[in-house]
Each structure stands twice: as structure tokens, then as C-alpha cells.
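Undergrad: Got a structure here, written out as C-alpha cells. Questions coming.
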Amino acid sequence: MSVDGYLARLGLDHRPPATLETLVDLQRRHLDTLPYDNLAIMLGRPDPVDPDVTLARIAAGGNAGYCFHHNAAFEAVLRSLGYRTSRRGGAVVDAQGVSGPVDHHVVVVHDLPAPGNPDGRWWADVGFGDGFRDPLPLTPGTYEQGPFTYGIEAGPDDRWTFRQDPSGSFEANTASAEPLTSEFIEVVHARLSTPPEGHYTRILVVERRTADAIEALRCCTFRRITAAGREEHELREYADWRAALVGLRVSLAGVGDDELRGLHARMLGAHEEWLLARG
């Protein structure tokens, strides 16, 4: 029922066949419908990363969450439709080429050969926030999607690296050769979502990858990147900041106005500190 509710949220009234065309369509629909967000974490009530719980929340009209929520739920749906998938741990690679700890759930979809990808393996991902729009073939090369350009690089022992567009929020992400277990995801989720050191407990981040743009709200700054360039706006007023959340398709159901105002005040304070540190 959660799978059917998820598909209905994406605008589908049936279970489509497990084809490459369906995979592309599902990833696009997911990105259009469900933003990447850490709102629940910032409000002090992080959602569990169990895919069934996430699917039920999505089906009921709620938010998905961040990468471990998005990609675990997406993979569960793909498997229910008949796709063969595997999961790997992903790690952000910095500008110096150094990989950090595993903090991403990579979904690999198998057995979908296509021109230029005879092995039929695809990196499907709805959890990067500002990542690629369509699944990328696990074939070394450069891939253009709208105004953005991405790369796939092969490493030793069946490791793969996704090279982000220069306008993105990170340099690259490397997928490990080892499978990612649910138990390990639980451990990493606890680390990332527990203050004060948890990476996703510091500032509010909401991102959407649309057909032709990256849209993001970070702390109190709204950013939109298109082929025409980058535009940014400070959102100091609560009404403007809240409107940006709604415009990014964040569900505010169950969020009290007082606690949302409190979060805005905290983010405005963090924004001021950041401005002072910049000089």
C-alpha cells in the first residue's frame, strides 16, 4: 500500500513496467515532487530511515528527508516493481581528491542495457539534492543534462566516482565496492542527525533538482542556478523564508507556527554569524 501511495503521490495510478524508460520517469517525478530536506532534523525530531516508514510518510503527503530516506525508499519501490538493484556506500570527495566517511546511499540498477551502456548498470539517485536529473550509466564519460555537466569515472575494484557539475554543492562522490547494509545506515544516520556534531543538525538545507535548474534554501539564503547563471536572495523576513519552503514543496503539516518561527530565528542568527566570519 505504501508503494502504491508513493506512486500516487508522484502522479501514477498504476505500477509501471521495470524498464529503463520507467526508471528515468520515476527519478524525474520523484525529484519534481519531493525535495531534499533536513527540516525534521532541524526541529529536533529526525525521522527513521526505515524505507517502509519513509514510504508511508510520503504516501500520506509528508516530506521524504535527506539522502538515506530518499534513496532507501526509491530502491524499495524499484525492487517492488521488479528491478534488480544493489546498494553501496557513498563518500564525498573534496577538491583535493580526499574521500570523507560514508554518508550517502548509492543505488545501482542492473540489467538495463542501452546504447553506450551495454552492461546495463545505472547509478540512480534521488538523494543528492542538487545532483543529476536522470540516472547515469556506470560507464566512464561526460554527461550533459540540461545546463549541467556530470562525469562518471571508474576506479579499482569496481569503485565508481560521480563528478558533480561545478555549480553543485560538492566536488564528487565515490561509490564503494562493498554493499551497504541497513545496520550501517542506521549507525551513520544516528551520527549525522544527532546534535551537536551531526552534519545535518547545523543549518536548514532544502534542495530541488528541476528539469532546468537547481533550487536551494540554505539557512536564510535562497539560490537558483540555471543556464542563465546564478541568483541569490537573503530571506531575512519570516514570511519570505516560509514562502520559499512552500515554493520548494516542503510540507509544513504538523509543524507549528511558533516552532517554525523559532527555526527561522536560529537560522537568521547563524546567517549573521556567517556574514561576520566572512568579514
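All of the numbers you see were taken from the coordinates with simple rules; none came from a lab. Note that this is a predicted model, so its numbers are computed, not measured. So basically every Cβ, Gly included, is an ideal-geometry build from the backbone, and we count neighbours across all protein chains shown.
Undergrad: Which whole-Hz ³J(HN,Hα) couplings does the stretch 225-240 yield from phi under the Karplus relation 6.51 cos²θ - 1.76 cosθ + 1.60, θ = phi - 60°, glycine and proline marked x?
TA: So the J values, rounded to whole Hz, are 10, 9, 5, 7, x, 10, 10, 9, 9, 6, 10, 7, 7, 4, 4, 5.
Undergrad: For GLY155, which sequence-distant residues (separation of 5 or more, or a different chain) have an amide H within less than 5 Å of its own amide H, given hydrogens modelled in the peptide plane?
TA: Under 5 Å from the amide H of GLY155 lie the amide H atoms of TRP160, THR161, each far enough along the sequence or on another chain.
Undergrad: Arrange THR142, THR210, THR22 by Cβ neighbour counts within 10 Å, fewest through most, would you?
TA: So the residues, fewest neighbours to most, are THR142, THR210, THR22.
Undergrad: Where the centroid of each part is defined by its Cα atoms, how far is the stretch 1-20 from the stretch 205-279 in Å?
TA: With the stretch 1-20 and the stretch 205-279 each reduced to a Cα centre, they are spaced 30 Å.
Undergrad: Moving to a separate point now. For the stretch 156-171, what does the Karplus curve 6.51 cos²θ - 1.76 cosθ + 1.60, with θ = phi - 60°, yield as ³J(HN,Hα) per residue in whole Hz, taken in order and with x for Gly and Pro?
TA: Karplus-based 3J(HN,Hα) across the stretch 156-171 equals x, 6, 6, 9, 9, 10, 8, 9, 6, 4, x, 7, x, 8, 8, 7 Hz.
Undergrad: Pick out, in residue order, every one of the trypsin sites (Lys or Arg not before Pro) in the stretch 60-164 that is DSSP loop and has at most 15 other C-beta atoms within 10 Å; say none if there are none.
TA: Here the sparse-neighbourhood loop sites are ARG159.
Undergrad: Quick check: from the Cα gyration tensor, does the stretch 198-278 come out rounded (a/c under 1.5), prolate or oblate?
TA: Oblate is the answer for the stretch 198-278, as a/c is 1.5 or above yet b/c matches or exceeds a/b.
Undergrad: I'm checking a number: the convex hull volume of the Cα atoms of the stretch 147-219, normalised per residue, in Å³. What is it?
TA: Convex hull volume per residue, Cα atoms: 126 Å³.
Undergrad: What's the exposure ranking of CYS67, CYS219, going from fewest to most Cβ atoms within 10 Å?
TA: The fewest-first ordering by Cβ neighbours comes to CYS219, CYS67.
Undergrad: Moving on to the next point. What order do you get for LEU252, LEU276 when you list them from fewest to most C-beta neighbours inside 10 Å?
TA: Going from least to most buried by this count: LEU276, LEU252.
Undergrad: If we sort 38-47, 262-271, 232-241 on the protection proxy, mean other Cβ atoms within 10 Å, highest first, what's the order?
TA: By packing density, highest mean first, the sequence is 38-47, 262-271, 232-241.
Undergrad: Another question, then. With the Cα gyration tensor of the chain giving a ≥ b ≥ c as the square roots of its eigenvalues, does the rule (a/c under 1.5 for rounded; else a/b larger than b/c for prolate; else oblate) give rounded, prolate or oblate?
TA: On the way: a/c = 1.58, a/b = 1.34, b/c = 1.18.
Prolate is the answer for the chain, as a/c is 1.5 or above and a/b outweighs b/c.
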